[in-house]
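Everything below concerns the one structure shown next.
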Ligand code: NAD
C-alpha cells in the first residue's frame with residue numbers, strides 16, 4: 001500500500017520505517033526541512049535501537065522516502081497517518097491539538113481522490129469527529145474516511161513494539177476503512193498480534209486510559225517504596241510478590257523516580273481535562289498526577305538526608321539523564337526537575353549519559369557533562385543512578401570514585417544494597433554507602449549487627465592503612 005506519515009518524529013519515523021519494512025511504499029513528511037535533509041543523507045534524528053538499520057535498508061530499496069512536500073506526498077498515497085505532537089497546552093492541562101488541526105486543514109485542501117486519514121497521534125476523544133468536520137468543509141464525505149489507530153510503541157523498544165505489538169487498535173466507522181486497515185496490519189496479525197476493532201471514540205480513549213493506567217502502576221509502586229523505606233522492606237520483593245499475581249502483572253512495577261517522558265505526564269493531564277469537560281471526576285488519575293509531582297520533592301529531600309543535610313558545594317554525579325534507557329528523549333525527564341533544584345541548593349552537577357550532552361543542561365551554571373562514566377564520577381560525593389542503562393548495571397563500585405567516602409543513590413534499584421555492602425565491607429578498601437531506592441539497606445537485626453561490626457573494622461583499618 002502507499003502510505004504517507006505526516007510528522008517524522010519518534011512515532012512517524014518508527015512506524016513509517018516499519019510499515020516500509022513490511023512491504024509498503026512510505027513517504028515520511030515533516031515541516032522541519034533540516035530533519036528531512038538529514039534523513040535523506042542517512043542521518044537519523046533520534047536515538048532508537050535498530051532504527052538506523054531499518055531506515056537505511058528501506059531507503060535504499062526505495063520503499064521509504066522523505067519529503068517536505070505535503071501536496072505531492074498526499075497525492076501519491078492511499079492512507080495518510082497523522083503523527084504530529086500533541087503536547088500539553090501552555091496555559092492549561094488540555095492537549096494542544098493545533099498541530100493536528102493544522103494538518104487536517106492542509107489535508108482538506110489537497111484531497112482529490114479517496115483517502116483514509118488515520119490519527120496515530122494521541123488525541124482526546126472526539127478529535128476524529130472534529131477532523132472529519134474540518135475536512136468535510138472542503139471535500140465530499142465519499143472521498144475520505146477518518147480512522148483512529150493509536151500507537152502504543154515505547155521509546156527504546158519501539159521497533160519490537162511496532163513489529164510485535166500486544167494489540168493493534170483500530171477505530172474505523174466504515175467497512176471500506178476497516179477492511180483496508182486490517183489488510184495493512186495483516187502481516188502483524190498473522191504473526192499473532194491481537195487486532196481490536198472499535199468505534200473511533202473508543203480507540204481514542206483506549207490510548208489515554210492505557211497510559212493513565214500504566215502511570216498509576218508506576219505511582220502506586222513508588223508510594224509503596226516510600227513505605228518500604230520506613231519499615232526496612234525491600235520494595236523489589238514487593239514488586240515480585242504482587243507482580244506474580246496474573247491479575248496485576250509484573251511490568252511497570254519498578255520503583256524509581258517520578259514517571260516522565262513524552263507521554264505519561266501529558267496524557268494523564270489530558271484525560272483528566274477531558275473528563276472535567278464532561279463533568280466526570282477521574283479522582284484516581286488526579287491523585288496519580290499529584291503524587292508524581294511530589295515525588296521529585298521527596299527525592300530531593302532524600303538526597304539531602306543522604307548528604308547529611310549538606311548539599312551546598314557537594315559534587316553530585318548523575319548517571320543517565322533521560323527518562324528511561326535506550327532513548328535520547330529528554331521530554332519531562334525527572335532529571336529536568338532534580339538537577340536545577342540541586343544546583344539552587346549549591347551543588348555541582350556532573351552527568352554522563354550514553355546519548356551525549358543535553359542542550360538544556362548546557363545553559364545551566366554548575367552543570368557539566370562528561371563523556372565517560374569514569375570522568376563523570378571522579379571526585380563525586382554522591383552518584384545518583386538516574387536511568388537504568390545497561391552500562392550502569394555492572395559498575396566496579398570499588399574503583400568508581402577517587403573520593404574516600406562517597407555514596408551511591410541507586411534510584412533504579414540496579415544493585416542489591418545488602419550484597420554490595422557486604423562486598424565493600426569485607427574488602428574494606430573504602431566505605432561506600434549504597435542507598436537503594438525504597439529498600440531496606442539492612443534486612444534484619446542479625447545483619448545490622450554484622451554490618452556494624454564490619455563497619456567498625458573498616459574504619460579501624462582505614463586509620464591504620
Ligand atoms: P515528535 O515531536 O517526536 O514528532 C512530531 C513531528 O511532527 C516533528 O518532527 C514535527 O516537526 C512534525 N510536525 C509538526 N507539525 C507538522 C506539520 N504540519 N507537517 C509536517 N510535520 C509536522 O512527536 P512524537 O513523540 O513522535 O509523538 C507524536 C504523537 O504520537 C503524539 O501525539 C504522542 O503522544 C504520540 N505517541 C508518542 C509516543 C512516543 O513514544 N514518543 C508513543 C505513542 C504515541
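The values are calculated or read from the model by the stated rules, or taken from the named source; none is laboratory data. Source: prediction; values computed, not measured. Because the Cβ atoms are built from the backbone with ideal geometry, glycine has one as well, and the counts that use them run over all protein chains shown.
Below are the figures for this structure:
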{"item": "Condition check for residue 19: within 25 Å of the chain's Cα centre (by Cα), within 12 Å of the ligand (Cβ to nearest atom) and either surrounded by fewer than 22 Cβ atoms within 10 Å (Cβ to Cβ) or at pLDDT 95 or above (or both)", "result": "no"}
{"item": "Residue that is surrounded by the fewest Cβ atoms within 10 Å (Cβ to Cβ) [pool: residues in the range 94-106 that are in contact (Cβ under 8 Å) with a residue 60 or more places away in the chain and near the ligand (Cβ under 10 Å from one of its atoms)]", "result": "99"}
{"item": "Options 82, 74, 44, 27; residue that is under 30 Å from residue 268 (Cβ atoms), in contact with a helix residue (DSSP H, G or I) (Cβ under 7 Å, 6 or more places away or on another chain) and more than 10 Å from the ligand (Cβ to nearest atom)", "result": "44"}
{"item": "Yes/no for residue 60 being modelled with pLDDT of 95 or more, buried (at least 20 other Cβ atoms within 10 Å of the Cβ), away from the ligand (no atom under 11 Å from the Cβ) and over 24 Å from the mean Cα position of the chain (by Cα)", "result": "no"}
{"item": "Conditions (1) over 16 Å from residue 303 (Cα atoms); (2) at pLDDT 95 or above: number failed by residue 343", "result": "(1)"}
{"item": "Among (1) surrounded by fewer than 22 Cβ atoms within 10 Å (Cβ to Cβ); (2) more than 30 Å from residue 268 (Cα to Cα); (3) within 11 Å of the ligand (Cβ to nearest atom), the one test that residue 88 misses", "result": "(2)"}
{"item": "All positions within the range 27-60 that are over 13 Å from residue 16 (Cβ atoms) and in contact (Cβ under 8 Å) with a residue 40 or more places away in the chain", "result": "47, 49, 50"}
{"item": "Residue check for residue 281: at pLDDT 95 or above and over 30 Å from residue 174 (Cβ atoms)", "result": "yes"}
{"item": "Residue 126, sole failed condition from (1) surrounded by fewer than 23 Cβ atoms within 10 Å (Cβ to Cβ); (2) within 13 Å of the ligand (Cβ to nearest atom); (3) in contact (Cβ under 8 Å) with a residue 60 or more places away in the chain", "result": "(2)"}
{"item": "Verdict on residue 48 being crowded, with 17+ Cβ neighbours inside 10 Å and within 26 Å of residue 272 (Cβ to Cβ)", "result": "no"}
{"item": "Index of the failed condition, residue 253 passing every other in (1) assigned to a loop (DSSP other than H, G, I, E, B); (2) touching a helix residue (DSSP H, G or I) at 6+ places or on another chain (Cβ under 7 Å); (3) within 16 Å of the ligand (Cβ to nearest atom)", "result": "(3)"}
{"item": "Of all residues making up the range 229-249, the number that are at pLDDT 95 or above and crowded, with 20+ Cβ neighbours inside 10 Å", "result": "1"}
{"item": "Which listed residue, of 302, 290, 310, is part of a helix (DSSP H, G or I) and free of Cβ contacts under 8 Å to residues at least 24 places away in the same chain", "result": "290"}
{"item": "Meets criteria (closer than 18 Å to residue 338 by Cβ and outside any helix (DSSP H, G or I)) for residue 316", "result": "yes"}
{"item": "Verdict on residue 224 being modelled with pLDDT of 95 or more and buried (at least 21 other Cβ atoms within 10 Å of the Cβ)", "result": "no"}
{"item": "Matching helices (runs of 4 or more DSSP H) fully within the range 143-236 where at least 1 residues are touching a strand residue (DSSP E or B) at 6+ places or on another chain (Cβ under 6 Å) and within 16 Å of the ligand (Cβ to nearest atom)", "result": "200-231"}
{"item": "Qualifying helices (runs of 4 or more DSSP H) (wholly inside the range 330-403; at least 2 residues being within 22 Å of the chain's Cα centre (by Cα))", "result": "335-344, 359-362"}
{"item": "Residue selected from the range 171-230 under the condition closer than 19 Å to residue 79 by Cα and without any contact (Cβ under 8 Å) to a residue 12 or more places away in the chain, by the criterion farthest from the chain's Cα centre (by Cα)", "result": "175"}
{"item": "The listed residue being in a strand (DSSP E or B) and modelled with pLDDT of 95 or more, out of 118, 125, 139", "result": "118"}
{"item": "The range 261-284, subset in a loop (DSSP other than H, G, I, E, B) and away from the ligand (no atom under 12 Å from the Cβ), residue surrounded by the fewest Cβ atoms within 10 Å (Cβ to Cβ)", "result": "279"}
